[in-house]
Structure formats: structure tokens, C-alpha cells
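Notes follow the structure.
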Amino acid sequence: MPRSRKFSTRLMEGLFVSLLLPMMVAGAPEIQPARIYLHKNWQIQSSCEVTAIGEQISSTGFDANAWHKADIPATVVGALVTDKTYPDPNYGTNLKSFPGMNYSDKNLFANQDMPEGSPFRCSWWYRTEFTPPAGEAKKTEWLNFLGINYRANIWINGHKIADANDVAGTYRSYEFDVSKFLQPGKANAIAVEVFAPGKYDLGITWVDWNPTPPDKDMGIWKEVFMTSSGDVAVRNPFVASKLDAEYKTAELTISAELRNVSNEPVKGVLRAELDGTELKQSVELAAGESKTVKFAPEKFAKLRLRHPKLWWPYQMGTPHLYTTKLSFEIGKQVSDAASLTFGIREVTSELTDKGHRLFKVNGRKVLIRGAAWAPDLLFRWSSERLDVDLAYVRDMGMNTIRLEGRLDRDEFFEKTDQLGILVMPGWTCCDAWERWKNWNGDQNRVAAASLRDQITRLRNHPSVFVWLNGSDNPPPAEVESVYLNIEKELDWPNPIMSSASEQKAVVSGESGVKMTGPYEYVPPVYWLADTQAGGAHGYNTETSPGPAIPPRESLEKFIPKDHLWPIDDVWNYHAGGERFTTVNIFTDGLNHRYGQVSSLDDYERKAQAMTYDGQRAMFEAYARNKYTSTGVIQWMLNNAWPSLIWHLYDYYLVPAGGYFGTKKACEPVHVQYSYDDNSVAVINGTYETLKGAKASAKIYNIDAKEKSFREATLDLSPDSSTKAFDLPNPDGLTPTYFLRLELRDSAGKLVSENFYWLSTKPDVLDWAKRSDTVYTPQKEFADLTGLNSLPVARVTISKTVHMSGTDSTVTVAAENKGTSVAFMVHPRLIRGKGGDDVTPIFWSDNYFSLLPGEKKSVTAKFDSASLQGASPELVVEGWDVEPTTP
């Protein structure tokens, strides 16, 4: 991923809690046995360029000096980009020049066979040499692969240990006993021959999000490591928890699989340590036997906990974690050990009287508000980048991340556990995973094994609250039955959904969710006006108000200068696939509502205003209608490459209009406008009653003259949506006007504020012409062109910078000294004069507006290391604000 520095992320009170601080665990987890990662000093080469065979390539001393150098995990194309064989695929249309990209549709390629002449029709060799430490006698050495896409033959020291018929499946994990082949204390060689997924293989695809690389992401895409054990290995530890009806006691069941890899029967003791308590039981294993051994509360009373510390999503409480350690002893020797971090909590779901899926955590209803995460296009991994993704989720006030396939490293789930962010994983759509009629090869076996591996690891993560057996479609009965049986066998502790769509499954019945879009631009009123598709009712598993144009500074990083304006095919190459290959619908709506665009800068200011407004309206609508609405997943959180569509912050980690519209809408306590009935509502997202809150509304003409005022005093119930009052319709309103909302607590302290730009001419949707739910056309458009008449605002700016490592802060004080509205004021912190935006950055507010005479102070938190030695420079821009550097 493009990153020229390392940064740490700190979140405070839901914003900057350090990911590097000790977590809320009962004791620090020990990872035993130690993993020896084999990630450095690999070489890769196409089998079309290599005449040697696996026996030779996996022999020490084999001459691979002419091969491509690589560190793994890495896909083939990822490695070839890293060593500069291929240019940066993110820039312009460079990806088109990659060999094997000669196909008509940049996304549907994933569902086709490799084109003739593609270098990726051949298998590719991955090779490395390593020297393990000299081991003790009678040690068992294990070689682990956590992700290979898609098939592989594996060799070590001239011996083939696995065949491509058995090593098949992107989401499989593999462990091999290599004891008899390994040479401790000496050089050893591994060779892996990797084959790309075929047309009907259950691989990784990018659907319509972005292009599919020409190798279909073939390669070793997850960790590779060595571990060792004695004759008995401890695998797949799991802690299941059962809470009583009042959530005051918990019964835990600790289990692990024991594998006797020797040719003799074994007697030993399995020990479990939990929260200062030690449990043990004797175990006998026959030669070669594997079995699951449990510590159950019926036999071990210490596993009945009174007043356990529960794991909660971060907005509902503390995401408390426990740690348990298991070890197996033969005589007085520890044969193997395993450590596990887990949370005690209960997730349930039910269908409401309207048939909507409603989730509860520890008995409390939760409105799911989240977005869908994407890894890098070439699966290049960055722990620091992941920290930012998760920090941004919390900063925006969302509580959930959806994963449609692309089930990445354990680190992702470990961090969501620690941060209290819910995760909604499942299989992907629109490819072999849902083309069950074509499952005529090994797809049934691979699908079952893939599910088994994923459920086994995900069941331990309290952040994972559901599993989806399908995406756009539920599996057919025979496939769903296999899936459900595996999930039952593995004691999956959470709800299961047949798919992300509302289609009824033959076996499991109603899903209780919908996947109706829209995915294109719709006006703000849509979310409250629609009652048939994507509007704020039920649980919408993927939806969006459409494109999200990155700020100009980001566009310039991936759009060549001579293509920056007007919008052309280079822009469109960075849109999506299938029905989303342009931003035309978004741009048409923008031109109709805000006035015809005259330049790139004009397009930018209008695009950021429209995206802010659209994202805010979507999240606000679902909050106002809770629990008629039970969940909404923004499609998407981020992008796999620089993109014009479906993100809340761009590929370069710059938050723009959509980010701050979402952040505004997802405030814990929030005052908001209802586009459908011209009323004001107040959302209490906390679990405490707020008495004596005062909501107020002021309406202003485009010239900032006040036209109306209304207020009300309210008692806000916990986790509630309350209508405050209807707004008046004052005479003499200009076609474009403003609405200012405030909410103050009983002591008069400002709790929430909101600023809308509205029109006396409503947006009218053309429901009759809606051919599908991707978007709904409009008959008439709101008139927001009055914004173009705003004079240049007189805004004074001052800044204060406090540098303190990861807790550095800039405070910006803005005052509107003019007589007109200062609209969409946008402060940016950059690295020196003319430098790039400082990222990651966490603004308390941005793209805000100031009435005449109004003052506002906002802060931004950042890591001083992200300045890269430059001085922190502030630039303040806006719709009608000349760029200012105080």
C-alpha cells in the first residue's frame, strides 16, 4: 500500500484509545509454541520460464538468482509490482498494460478463463531457503500455510509433501508434519508451485468494486510459519460461554483438539489456566488419534463465573477480553501449548413483527450502522493501515464492519475484538461461490473445508456476531445443509444468515434482511420516502448514495494531469464494473441540483457538499426509524485501489465530505432533520435517559436573514428516536435556504448541532421508472443553485498546535465576520507549504458552516511522525471561502 512512513493510531474516548496499550485482558496472552515466520527472502518465477522440477527447485543451493525477489505474503502480480517489473497499477490506466489484461470487462474477467498469452496461465513457483534452530530430540516440526490462492504443489528439501488436488481453496489453511524432511540447524528449502483459480474455482473476485488483477490474485496471500511440538499437538482451542437470562453469571466450556502424531498410545494431562484458576484432566490417546477434549462447567465448577466482565461493542460498554492457556503434558514435559483470547458475551437475533432481523448483544438491542471493508487490490498488508481503518470506523461513530469474502488475517479480528467493533463476515457473491450449478469438480469439498477452517478461527472472536452462508443468494438446500451441519458441529456461537438478501432459504427460511441498494446517487429524501427498496426500514446489508469523489489533491495522485478535467475514460477506469462504470448519474444529479459544473474545482466543492448531504441523510434516516429499521451497511468503507465510488475516505486516507456527513449523523446524541415530513427528531444513542434536553431550529434565507424559530424541551429515553416538532413553512423563503438545529442539555450545554441546505422545490423521485433498486430516477430536482450566489465569506482563522508525539493536536478557531453564510468551511493540515495532507487525522468536525458573527473551534488529532519532518501547515478552504493559511 502507498505509505512513505509508519504511523501509530491512538483513539481517545472512542477516538484515540491506543492500539499499542495493554488490552483489557485477564493476563497477557502467551503464544505457544513460538511461530517462526518464513516471510523474507523468497524468489518467484513462472513455470513457463523454469525447466527444473519440484525436487530440484526445493533442494538447497538451487540457483534462483535470476528469479524475481519477493517477501511474502504476496500475490504474483503484487510481487512483480514491488520489484518494479510492472508499473504502479493504481496510477491512471497502468493496469491495462499488464500482460493478461486483454479482456473486455475489467471485472467479469474473474469469472472467465485466463486469456491466451497470459503469463498467469502457467503456474508460478515460490521458493525460499531458511535455517531453523537446532531442535530437541523427538520434536515434531510443523509447516503452516494460512492462505494460498488457489492450488499448490508443495515441496521441502526435495520431497513433495502436498499435492494440488489436496491444496485447493483460497480460504483454506494447511498444516504439514515435516519432521522427517527438515534439517534443524542447517539450510532447508521450500518450493511452492501455485496455480491461479479457474473459471469455476472458489477463489477471490472483485465483483464490480474494481478491476481484477490479471493473475486473479494468485499466490501465497497469508502467513507462512513453522512451529514445533512433542508427540501430542494442541490445536483449535475454543471457549464457549453461556450467560443466564440476567447476564449475571456465565458458564464456560473450554475445549481443544489433541492430536497424537506418534505411533504409540499416549497418556498425559491437559491443563487449562483461566483468570488465575488452573484446571486439569487426564487424557489417553491411541496411536495417531485425534480427539476434542472439553472442560465443562458440569465437571469443573470453577468455570461458573459470577458477575463476569462482559464483552460489549465500544458504544455500549467495555470490550473486555479474557485469556486462557492450554497445555498438554506427557510425564513432566510439556508436549504442546496454545493460548487464546476471548470475550464473554451473547449475540442473539430475532425477526420483528415486520419480519426484520434485529440483533441484540447481551440482551440489548443494537442498531447496526457500519460499512464494508476492502483489503488492498494486490493483498499487500499493512498493520498500520489497518489501525487507521479501524480508528476511522470508531471516529465516524459506526459500530460494524462487513466482510463479503476476503476474510483476511487474524490480526484484523484480534483488533476488532480489542476495539469493540462488530464484524459481519460471510461468503462473496456473483462468482463461482454462488454458481452452484457449476459445482461439478471439487467445489463441494473445497467449500465445506473452507467453511470449516473459517468457522474454527472466527468462533473465538467476540467481535464476529454473525455468519452469512451466502451473499446475493442463499445456497441451495443441499449446500446450505452441509454448511449448517458444519456450523453446528463446530459449536458456532452466533446467529447464522442464509444470505445478505431477502430471498427465503429452503432450509433456514427467512433471512430478515434485504440487499436492495441503492448503489448510485439518490437525493436525501429517498431514505425516508422509499418504503419498498433501500429506504430506512429493515436491515439493508449493502447500500450507498453512490460515488464519492476524492478531493483534488488525491485525484492528482492517480489521474494524470492531462486527464484531470473534464471527466473522461481515465476517470471512468477508476469507477466500478458492470453497471457502475461511470459517475454519470451522480454528476447529472449534481448538475441539476447545484447548477452546471464549470471546472474541476467547481465540481469538487459541489461533489463534497452532495456526498456529505447524502451520507448524512442515509445514516440519519435509519437512526430516526429505529427499530423499524434495524441495520444499514454503507457500501463501502474504503477502496482496494484509488476509486471514485463507494468509500467514506479515499485510498490515501484523506477524509472528505462523506466521512464528515457520516460522523455527523452517527453522533451518540444527535438532532436531525426529516426530509419526508419537514420535522425535527432527536436520537439518543446512549443507554441513559436524558431529561430536559432542549431542541431548537432556525430557518434562514440564502442571505442569512432569519425567517423562523422553533424549540421544544424533551425527555429522551435510552436508545430512542423522538420527534421534537414540525417545522413551519415561513413565507418569503428563497428557493435555496438554510436550517440550523441545536440540542442542548438541561444545563444549557451544546450537545449536538446540525446545518442543512434545503430547497423550496423538492426532489421528486420517479418511482414508476425504477427498473431495479440500484437507484431511483428523479422527476424533479431540488434547486440548490442559490449557493452559487454566496459572496466570498469574511472568515478569520487562528490556529494553535500542540506537538506531543502520537497525541499531537491542532486547534482551529474560525469566525465569520461577514454578513453571509460561510458555507462548507474545510480546514486541512498539510506537511509544510504545498505538501500532502497529514493522514491519518481525526477532526472533531469539518466541512462546517458559519452564520454571520458565528465562532467555532475545531480540533484535529494526529501523530507528529506523520509530518515526516515538515512543519504542520494549516489551509482553510470552503465553498465561498478563499484558501487561507493563518
Identify all residues within the range 174-197 that are of a type in the set (A, V, I, L, M) and surrounded by fewer than 18 Cβ atoms within 10 Å (Cβ to Cβ); write none if there are none. Ala187
Restricting to the range 728-750, what's the tally of residues that are open to solvent by less than 20 Å² (accessible area, probe 1.4 Å) and farther than 23 Å from Leu690 by Cα? 3
Glu711 passes all but one of (1) in contact (Cβ under 8 Å) with a residue 24 or more places away in the chain; (2) under 16 Å from Ser752 (Cα atoms); (3) charged (D, E, K, R); which number fails? (1)
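A quick yes/no check of all residues on (1) under 36 Å from the mean Cα position of the chain (by Cα); (2) not aromatic (Phe, Trp, Tyr):
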position: Asp703; (1), (2): no, yes
position: Ser717; (1), (2): yes, yes
position: Ser720; (1), (2): yes, yes
position: Asp726; (1), (2): no, yes
position: Thr734; (1), (2): no, yes
position: Tyr756; (1), (2): yes, no
position: Ser759; (1), (2): yes, yes
position: Pro762; (1), (2): yes, yes
position: Lys769; (1), (2): yes, yes
Those residues of the range 525-558 which are open to solvent by 10 Å² or more (accessible area, probe 1.4 Å), free of Cβ contacts under 8 Å to residues at least 60 places away in the same chain and within 30 Å of Pro883 (Cβ to Cβ) amount to Arg552, Glu556
Restricting attention to the range 490-503, does a residue exist that is open to solvent by 40 Å² or more (accessible area, probe 1.4 Å) and free of Cβ contacts under 8 Å to residues at least 12 places away in the same chain? no
Residue that is nearest to Asn362 (Cα to Cα), among those in the range 420-442 that are open to solvent by 10 Å² or more (accessible area, probe 1.4 Å) and touching a Phe, Trp or Tyr at 6+ places or on another chain (Cβ under 9 Å): Glu434
Give me the residue from the range 857-886 that is surrounded by fewer than 18 Cβ atoms within 10 Å (Cβ to Cβ) and touching a Leu at 6+ places or on another chain (Cβ under 8 Å) and, out of that set, modelled with the lowest pLDDT. Pro886
Hits in the range 326-355 (condition: crowded, with 22+ Cβ neighbours inside 10 Å and either of a type in the set (D, E, K, R) or out of contact with any Pro (no Cβ under 8 Å at 6 or more places or on another chain) (or both)): Phe328, Ser335, Asp336, Arg345
Conditions (1) among the β-branched types (Val, Ile, Thr); (2) touching a helix residue (DSSP H, G or I) at 6+ places or on another chain (Cβ under 6 Å); (3) closer than 23 Å to Tyr603 by Cβ; number of the one not met by Ile830: (2)
Consider Met114 against the criteria (1) modelled with pLDDT of 95 or more; (2) out of contact with any helix residue (DSSP H, G or I) (no Cβ under 6 Å at 6 or more places or on another chain); (3) assigned to a loop (DSSP other than H, G, I, E, B): it satisfies all of them except one. Which criterion is unmet? (1)
Out of everything in the range 38-57 that is in a loop (DSSP other than H, G, I, E, B) and on the phi < 0 side of the Ramachandran plot, what residue ends up being surrounded by the most Cβ atoms within 10 Å (Cβ to Cβ)? Leu38
In the range 356-376, residue nearest to Gly509 (Cα to Cα) [restricted to those that are open to solvent by less than 10 Å² (accessible area, probe 1.4 Å) and in contact with a Ser or Thr (Cβ under 7 Å, 6 or more places away or on another chain)]: Leu358
What do you reckon, is Leu386 outside any strand (DSSP E or B) and either at pLDDT 95 or above or closer than 23 Å to Asn684 by Cβ (or both)? yes
Considering only the range 244-252, I want to know if a residue exists there that is on the phi < 0 side of the Ramachandran plot and crowded, with 24+ Cβ neighbours inside 10 Å. yes
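I'd like the full set of residues that are polar (S, T, N, Q) and open to solvent by less than 60 Å² (accessible area, probe 1.4 Å), limited to the range 755-766. Step through it out loud before you land on a result.
Here is the first cut: in the range 755-766, the ones polar (S, T, N, Q) are 759-760.
Result: Ser759, single match.
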Tell me which residues, restricted to the range 767-801, are in a loop (DSSP other than H, G, I, E, B) and either surrounded by fewer than 16 Cβ atoms within 10 Å (Cβ to Cβ) or without any contact (Cβ under 8 Å) to a residue 40 or more places away in the chain (or both). Ser771, Asp772, Pro777, Pro791, Val792, Arg794
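Among what's in the range 644-669 and is out of contact with any helix residue (DSSP H, G or I) (no Cβ under 9 Å at 6 or more places or on another chain) and assigned to a loop (DSSP other than H, G, I, E, B), pick the residue that is least open to solvent (accessible area, probe 1.4 Å). First the steps, then the outcome.
To start, the set of residues in the range 644-669 that are out of contact with any helix residue (DSSP H, G or I) (no Cβ under 9 Å at 6 or more places or on another chain) comprises 646, 667-669.
Okay, now just the ones that are also assigned to a loop (DSSP other than H, G, I, E, B), so 646, 667-668.
Numbers: Trp646: 6, Glu667: 40, Pro668: 86 Å².
Out of the qualifying residues, it is Trp646.
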When the range 403-421 is checked residue by residue, the ones that are under 22 Å from Ser173 (Cα atoms) and either touching a residue at least 60 places away in the same chain (Cβ under 8 Å) or out of contact with any strand residue (DSSP E or B) (no Cβ under 9 Å at 6 or more places or on another chain) (or both) are Glu404, Gly405, Arg406, Leu407, Asp408, Arg409, Asp410, Glu411, Glu414, Lys415, Asp417
For Ile148, which of the numbered conditions (1) of a type in the set (A, V, I, L, M); (2) in contact (Cβ under 8 Å) with a residue 40 or more places away in the chain; (3) within 30 Å of Gln333 (Cβ to Cβ) fails to hold? (3)
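Only residues that are among the acidic types (Asp, Glu) and in a strand (DSSP E or B): list them for the range 698-716, please. Give the derivation first.
Pass one, the range 698-716, residues among the acidic types (Asp, Glu): 703, 706, 711, 715.
If the condition is that a residue be among the acidic types (Asp, Glu) and in a strand (DSSP E or B), then Glu706, Glu711, Asp715 are the ones that fit.
Kindly provide the set of residues from the range 675-695 that are assigned to a strand (DSSP E or B) and crowded, with 19+ Cβ neighbours inside 10 Å, ordered by number.
First, pick out the residues of the range 675-695 that are assigned to a strand (DSSP E or B): 679-684, 690-695.
Of everything in the range 675-695, those that are assigned to a strand (DSSP E or B) and crowded, with 19+ Cβ neighbours inside 10 Å turn out to be Val680, Ala681, Val682, Ile683, Asn684, Leu690, Ala693, Ala695.
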Considering Tyr573, Tyr539, Tyr612, Tyr594, which residue is closer than 30 Å to Leu468 by Cβ and modelled with pLDDT of 95 or more? Tyr539
In this structure, is Asn485 of a type in the set (S, T, N, Q) and open to solvent by 20 Å² or more (accessible area, probe 1.4 Å)? yes
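Scanning for something modelled with pLDDT of 95 or more and open to solvent by less than 10 Å² (accessible area, probe 1.4 Å), does the range 560-567 turn up at least one residue?
Within the range 560-567, the subset modelled with pLDDT of 95 or more is 560-567.
Filter once more, keeping what is open to solvent by less than 10 Å² (accessible area, probe 1.4 Å): none.
For the range 560-567, residues modelled with pLDDT of 95 or more and open to solvent by less than 10 Å² (accessible area, probe 1.4 Å): absent.
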Go through the range 496-550 residue by residue and tally those that are over 18 Å from Ser629 (Cα atoms) and not in a loop (DSSP other than H, G, I, E, B). 4
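What number of residues within the range 150-173 satisfy the criterion of being under 16 Å from Gly405 (Cα atoms), open to solvent by 10 Å² or more (accessible area, probe 1.4 Å) and not hydroxyl-bearing (Ser, Thr, Tyr)? Walk me through how you get there before you give the answer.
Initially, the range 150-173 is screened for residues under 16 Å from Gly405 (Cα atoms), giving 150, 169-173.
Among the residues that remain, those that are also open to solvent by 10 Å² or more (accessible area, probe 1.4 Å) are: 172-173.
Restricting the remaining residues to those that are not hydroxyl-bearing (Ser, Thr, Tyr) gives 172.
Qualifying residue count, the range 150-173: 1.
For the range 802-837, how many residues meet the condition of being within 18 Å of Phe848 (Cα to Cα), part of a strand (DSSP E or B) and open to solvent by 30 Å² or more (accessible area, probe 1.4 Å)? Working first, answer last.
Applying the first criterion (within 18 Å of Phe848 (Cα to Cα)) to the range 802-837 yields 810-829.
From the residues that got through so far, the ones that are part of a strand (DSSP E or B) too are 810-816, 822-829.
Filter again for open to solvent by 30 Å² or more (accessible area, probe 1.4 Å), leaving 811, 813, 815.
Qualifying residue count for the region: 3.
The values are calculated or read from the model by the stated rules, or taken from the named source; none is laboratory data. As the structure is a computational prediction, the values presented were derived from the model and not from experiment. Note: ideal-geometry Cβ built from the backbone for every residue, glycine included; neighbour counts use all protein chains shown. Surface accessibility is based on the protein's heavy atoms, side chains included, excluding ligands, DNA and RNA. Shrake-Rupley method; radii C 1.70, N 1.55, O 1.52, S 1.80 Å.
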